[in-house]
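The values are calculated or read from the model by the stated rules, or taken from the named source; none is laboratory data. Please read these numbers as outputs of a predicted model, since none were measured by experiment. All Cβ positions, glycine included, derive from the backbone under ideal geometry; neighbour counts span all protein chains shown. For the accessible areas, the whole protein counts, side chains as well, though only heavy atoms, and no ligand, DNA or RNA atoms are used. Shrake-Rupley method; radii C 1.70, N 1.55, O 1.52, S 1.80 Å.
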Amino acid sequence: MNILGIETSCDETSAAILGDGGVRSNVVSSQHCHGDFGGVVPELASREHERLIVSIVDTALKDANITKNELDVIAATAGPGLIGAVMVGLCFAEGLAWALGKPFVPVNHVEAHIFSPFISDTASSRSPERDFVSLTVSGGHTLLSVVHQDLSYEVIGRTIDDAAGEAFDKTGKMLGLGYPAGPVIDRLASQGDPAFHRFPRALTSSSQTSRSYRGNFDFSFSGLKTSVLTWIGQHDHAFIERHLADIAAAVQDAIVSVLVEKTVAAALQHRVGAVSVAGGVSANSGLRAAMADACRRHGLELFIPAMAYSTDNAAMIATMASLMLSRGRVGENAYNVAPFARFSPARRSQH
Ligand code: KG4
Ligand code: ZN
């Protein structure tokens, strides 16, 4: 079976082909037109997706060495995301599926990140074989969920203000690092000293009484943002320039330590033996190293998708569609699915 996945929810235009042996192609084009604006401009994103979608899908088919007539299923992100951007990929995919007379599967972008440990690109790809705790960290979302093999999951924590990716991007913007600043902070941090300054860590065991911490897996990053802004205001430009790597390391340490502490605490409290990290921020080398170290110490199995599948990509959309089909979780076929902007899973009590 060949599944075409299409992803256009933010500023990556991506198409992938998933075959029986795993991912056959995964083409991702990142938009560079937003840098001067310090964030993604929705209208520009939609126009770029529109300009590129046909050639990206063509390249994905060519790379997989198949024609569109050999496709069995077409899947696309239906949300959450920038509504205009989502609509470009969604309408294109529905139109193509309708024209080819093939089924269309709408995919939830955040769920595709959550289930990205199941992306297989070689026969030897490892994927979770038991329940696991997923830390899903991107530019728009920060979620902790307990994930089950039947594709159900419960969100047990989420950010109450900024997402982890936003914390990287917004503090980076204050430091003049461009957009998106996450990868730049990552690079700089590897040459800096994380102990240079201690930025605040919100809603952690040290910031609350252990009684109120129990079961609270929510995150908050807006205090960190304010603290970085205040700190920058107290130091002159030359000092900040000289210590950019140290500041990046200190900011990264503040974000990463909270993410690791909560994920491990969630896995232990919910008695699952495995953890996964997904979403754009899972590309962060400090997070990868710290999570690997913490999981080793607590005897937890760790799944982090390969770098190509950390940031937005269509291989995860095709994989999610394949999982939905195999678990019988696809509704009646329709070619007029409504796009949606926000992620709103049912939330279960943690106690
Ligand atoms: O999943 P993603 O590609 O798009 C969304 O769905 O939001 O995530 C993008 C986010 C951005 O905030 C970007 O700065 C962050 O992921 N990011 C990183 C790194 N690579 C991407 N953050 C920290 N370190 C990185 N290496
Ligand atoms: Zn994403």
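Check region 152-175 and report whether any residue there is in the same structural domain as H237 (by TED's automatic domain parsing), more than 30 Å from A321 (Cβ to Cβ), open to solvent by 10 Å² or more (accessible area, probe 1.4 Å) and small (G, A, S). Taking every residue of region 152-175 in turn, none turns out to be in the same structural domain as H237 (by TED's automatic domain parsing), more than 30 Å from A321 (Cβ to Cβ), open to solvent by 10 Å² or more (accessible area, probe 1.4 Å) and small (G, A, S). Checked against (1) open to solvent by less than 40 Å² (accessible area, probe 1.4 Å); (2) in the same structural domain as D72 (by TED's automatic domain parsing), L325 passes all but a single condition, namely (1).
Among the residues making up region 108-118, those that are part of a helix (DSSP H, G or I), under 15 Å from M324 (Cβ atoms) and not aromatic (F, W, Y) are H109, V110, E111, A112, H113, I114, S116. Which ones in region 30-52 are in contact with a strand residue (DSSP E or B) (Cβ under 6 Å, 6 or more places away or on another chain) and surrounded by 18 or more Cβ atoms within 10 Å (Cβ to Cβ)? Those that are in contact with a strand residue (DSSP E or B) (Cβ under 6 Å, 6 or more places away or on another chain) and surrounded by 18 or more Cβ atoms within 10 Å (Cβ to Cβ): H49, L52. The number of residues in region 103-127 being within 24 Å of Y335 (Cα to Cα) and in contact with a strand residue (DSSP E or B) (Cβ under 6 Å, 6 or more places away or on another chain) comes to 7. Scanning region 119-152 for residues that are within 16 Å of ligand 2 (Cβ to nearest atom) and either in a loop (DSSP other than H, G, I, E, B) or aromatic (F, W, Y) (or both) turns up I119, S138, G139, G140, H141. Under the condition of being under 19 Å from the mean Cα position of the chain (by Cα), open to solvent by 10 Å² or more (accessible area, probe 1.4 Å) and more than 28 Å from R187 (Cβ to Cβ), the residues counted in region 285-318 number 0.
Selection within region 69-107: residues that are among the β-branched types (V, I, T), part of a helix (DSSP H, G or I) and within 15 Å of ligand 1 (Cβ to nearest atom). The member of this set that is surrounded by the fewest Cβ atoms within 10 Å (Cβ to Cβ) is I83. Residues that are within 16 Å of ligand 1 (Cβ to nearest atom), among the β-branched types (V, I, T) and more than 19 Å from H270 (Cα to Cα) within region 113-168 comprise I119, V137, T159, listed in sequence order.
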